[in-house]
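*Asks:* The structure that follows is given in the form of structure tokens.
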Amino acid sequence: MSKKNWPLWEVFVRSKNGLEHRHFGSLHAPDADMALKNARDVYTRRSEGVSIWVVESKNIKASNPDDNGEMFEPAADKAYRHPTFYELPDDIEHM
Amino acid sequence: MKNQGKKNVRDEQMKSLEEIFEAKIARDEKIEPKDWMPEKYRKTHIRQISQHAHSEIVGMLPEGNWITRAPSLRRKVALLAKVQDEAGHGLYLYSACETLGISREELYDQLHSGKAKYSSIFNYPTLTWADIGAIGWLVDGAAIINQVPLCSTSFGPYARAMVRVCKEESFHQRQGYEIMMTLCNGTQEQKDMAQDALDRWWWPALMMLGPTDDESTHTEQSMKWKLKRKTNDELRQQFIDQTVPQADILGLKVPDEDLKYNNETGHYDFGEIDWEEFWQVVKGHGMCNKERISARKNAWDNGEWVRDAAVAYADKQAEKDVKEAV
């Protein structure tokens, strides 16, 4: 690593078992172990979590909002992927 | 001529991008870091979020002054937790600010060089234990009034940070009020101490909500971007209206001869604020401006070897991992 400035880490916290890890924020730390310890102090001072993930921010590949059209619009005209697309008689049950 | 044509096309594109952007904000949609935004929006947000972060960090200093002298263990753990929260709030906000493309080092540098501002209230000294009560009650009280509307501000990372900050802030105000309450139920000397703290912190707390609307240069644009949802004067009136009855419960007198409930408006009328004092403090001539910045600088400079050691350790561990893998 050998740089003067500590790299940026993204912090994900599982609030309780049964729930997914959710993005809580970010912080700077020299390595993963310190990132984990800092995340404990910065993001879970009031028992907000039971598990923490940290990942160095540079390892995340994010989609570009400028490409949102080609990325996400193809799903917009596919109403047949939703149950409400299909017409059924009103009195049918358990479906 | 050709260049002029190109420029016009560029200006046209820019204009339509700005229109899309403004419409998004008008629809209450959030702006996220990688979305297109006008340069002015980015700059204004860097300025405001960093000022906010710096205020949290510098805000630790006046209270830290009393940690070793807290009158009981109960007060001491509460004050330690509060000061630790302020550090946490500073860190949330620095992170939010960095998503706009400025580095942590630049932000620190702006604070240490005096280029960036922080809330002028922290340039007042904490002379007695009652000041810790008054700060929690009044300064955190004013901060909450300022911050609650920011939970729905247009820039996503700022709004999310503010939700966390506001959740944590209410204990700060309550612990401060409890300190005041205890003093006011104590000896005459203790009650006098509480009154003296209120006398010194009342006006600076009112100033904390910012210059009057007609003097505030950023309000109009900030309202449009929903970076601000209420004007300084509205926030100040709200603060006064809710704080005066709290002072009455303590049996303390708010140091304003013109303070009077107005039956017609349903609000308190209040006296003239000494804005000359406010601008003097903002310009760096407050009682503790130099002390605060030098404390910050010392903490940063004296901590350099710790940061370097942490990096050296991380490097060594990484090398070891590579060797073991081979």
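The values are calculated or read from the model by the stated rules, or taken from the named source; none is laboratory data. Bear in mind the structure is a predicted one, so any value in this text is a computation, not a measurement. Glycine also receives a Cβ, built like all others from the backbone with ideal geometry; neighbour counts cover every protein chain displayed.
*Asks:* Working carefully through the options B:PRO71, B:PRO62, find the one that is touching a Cys at 6+ places or on another chain (Cβ under 9 Å) and either more than 14 Å from chain A (Cβ to nearest Cβ) or farther than 30 Å from B:TRP36 by Cβ (or both). Full working, then the answer.
*Replies:* Numbers: B:PRO71 fails: touching a Cys at 6+ places or on another chain (Cβ under 9 Å).
Testing whether each residue is touching a Cys at 6+ places or on another chain (Cβ under 9 Å) and either more than 14 Å from chain A (Cβ to nearest Cβ) or farther than 30 Å from B:TRP36 by Cβ (or both) leaves just B:PRO62.
*Asks:* Does B:PRO211 fit the bill of being surrounded by 17 or more Cβ atoms within 10 Å (Cβ to Cβ), in contact (Cβ under 8 Å) with a residue 40 or more places away in the chain, part of a helix (DSSP H, G or I) and of a type outside the set (Gly, Ala, Ser)?
*Replies:* no
*Asks:* Would you tally the residues in segment B:27-41 being surrounded by fewer than 16 Cβ atoms within 10 Å (Cβ to Cβ), out of contact with any Pro (no Cβ under 7 Å at 6 or more places or on another chain) and of a type in the set (Lys, Arg)?
*Replies:* Of the residues in that region, 2 qualify.
*Asks:* Looking at B:ALA70 and the list (1) touching a residue at least 12 places away in the same chain (Cβ under 8 Å); (2) in contact with a Pro (Cβ under 9 Å, 6 or more places away or on another chain), which single condition is not satisfied?
*Replies:* Looking at each condition in turn, B:ALA70 falls short on (2).
*Asks:* Just give me the residues in segment B:113-146 being surrounded by fewer than 18 Cβ atoms within 10 Å (Cβ to Cβ) and within 17 Å of the chain's Cα centre (by Cα), in sequence order.
*Replies:* B:GLY114, B:LYS115, B:LYS117, B:ILE144
*Asks:* Need a quick list: helices (runs of 4 or more DSSP H) entirely within segment B:219-326 having at least 3 residues that are within 14 Å of chain A (Cβ to nearest Cβ).
*Replies:* Details: elements: B:219-224, B:232-250, B:275-280, B:289-302, B:304-325.
Helices (runs of 4 or more DSSP H) meeting the threshold: B:304-325.
*Asks:* Now a separate question. Here is a check on your reading of the model: is B:TRP201 buried (at least 20 other Cβ atoms within 10 Å of the Cβ), of a type in the set (A, V, I, L, M, F, W, C), farther than 26 Å from A:VAL42 by Cα and at pLDDT below 95?
*Replies:* No; evaluated as a whole, the condition is false for this residue.
*Asks:* Output the number of residues of segment B:242-265 satisfying the condition of being within 29 Å of B:GLY186 (Cβ to Cβ) and of a type in the set (Ser, Thr, Tyr).
*Replies:* 2
*Asks:* Considering (1) away from chain A (no Cβ under 14 Å); (2) part of a loop (DSSP other than H, G, I, E, B); (3) hydrophobic (A, V, I, L, M, F, W, C), say which one B:LEU111 fails and leave the rest.
*Replies:* Checking B:LEU111 against (1) away from chain A (no Cβ under 14 Å); (2) part of a loop (DSSP other than H, G, I, E, B); (3) hydrophobic (A, V, I, L, M, F, W, C), the one that fails is (2).
*Asks:* In segment B:140-177, what residues are in contact with a Leu (Cβ under 7 Å, 6 or more places away or on another chain) and either under 23 Å from B:ILE67 (Cα atoms) or among the acidic types (Asp, Glu) (or both)?
*Replies:* Passing the criteria: only B:ALA142.
*Asks:* Further question on the same structure: Considering only segment B:29-69, state which residues are more than 23 Å from B:TYR108 (Cα to Cα) and out of contact with any helix residue (DSSP H, G or I) (no Cβ under 8 Å at 6 or more places or on another chain).
*Replies:* Scanning segment B:29-69 gives B:GLU29, B:THR68.
*Asks:* While we're here: Among all residue pairs at least 6 apart or on different chains, which show Cβ distances below 8 Å where the first residue, located in segment A:58-76, is free of Cβ contacts under 8 Å to residues at least 24 places away in the same chain and the second is surrounded by 10 or more Cβ atoms within 10 Å (Cβ to Cβ) and of a type in the set (A, V, I, L, M)?
*Replies:* Pairs that qualify, where the first residue is free of Cβ contacts under 8 Å to residues at least 24 places away in the same chain and the partner is surrounded by 10 or more Cβ atoms within 10 Å (Cβ to Cβ) and of a type in the set (A, V, I, L, M), are A:SER63/A:MET71.
*Asks:* Return the pairs, sorted by first residue and then second, in which the second residue is surrounded by 12 or more Cβ atoms within 10 Å (Cβ to Cβ) and not in a loop (DSSP other than H, G, I, E, B), the first residue lies in segment B:18-43 and is away from every other protein chain (no Cβ under 14 Å) and of a type in the set (Val, Ile, Thr), the beta carbons are less than 8 Å apart, and the residues are 6+ apart or on different chains.
*Replies:* Short answer, once both residue conditions are applied: B:ILE25/B:ILE31; B:ILE25/B:LYS224.
One line per residue, one yes/no per condition, for (1) farther than 25 Å from B:VAL311 by Cα; (2) at the interface with chain B (Cβ under 9 Å from one of its Cβ atoms); (3) modelled with pLDDT of 95 or more; (4) in contact with a Lys or Arg (Cβ under 7 Å, 6 or more places away or on another chain):
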{"residue": "A:LYS4", "(1), (2), (3), (4)": "no, yes, no, no"}
{"residue": "A:ASN17", "(1), (2), (3), (4)": "yes, no, yes, no"}
{"residue": "A:ALA29", "(1), (2), (3), (4)": "no, yes, yes, no"}
{"residue": "A:LYS37", "(1), (2), (3), (4)": "no, no, yes, no"}
{"residue": "A:ARG40", "(1), (2), (3), (4)": "no, no, yes, no"}
{"residue": "A:SER47", "(1), (2), (3), (4)": "yes, no, no, no"}
{"residue": "A:ILE52", "(1), (2), (3), (4)": "no, no, yes, yes"}
{"residue": "A:SER57", "(1), (2), (3), (4)": "no, no, yes, no"}
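*Asks:* May I pose another question? Filter segment A:59-95 down to residues that are more than 29 Å from B:MET37 (Cα to Cα) and of a type in the set (A, V, I, L, M) and give me whichever is farthest from the other protein chains (Cβ to nearest Cβ).
*Replies:* If we take residues in segment A:59-95 being more than 29 Å from B:MET37 (Cα to Cα) and of a type in the set (A, V, I, L, M), then A:ILE92 is farthest from the other protein chains (Cβ to nearest Cβ).
*Asks:* Then there's this: Can you pull out the residues in segment A:1-23 that are in contact (Cβ under 8 Å) with a residue 24 or more places away in the chain, surrounded by 12 or more Cβ atoms within 10 Å (Cβ to Cβ) and either assigned to a loop (DSSP other than H, G, I, E, B) or hydrophobic (A, V, I, L, M, F, W, C) (or both)?
*Replies:* A:MET1, A:TRP6, A:PRO7, A:LEU8, A:TRP9, A:VAL11, A:PHE12, A:VAL13, A:SER15
*Asks:* While we're here: Can you name every residue in segment B:142-162 that is within 14 Å of chain A (Cβ to nearest Cβ) and of a type outside the set (A, V, I, L, M, F, W, C)?
*Replies:* Result: B:GLY156, B:PRO157, B:TYR158, B:ARG160.
*Asks:* Sticking with this structure for a sec: Looking at the structure I just gave you, is B:ILE67 among the aliphatic types (A, V, I, L, M) and more than 19 Å from B:GLU291 (Cα to Cα)?
*Replies:* Numbers: among the aliphatic types (A, V, I, L, M): yes; more than 19 Å from B:GLU291 (Cα to Cα): no.
No, not satisfied.
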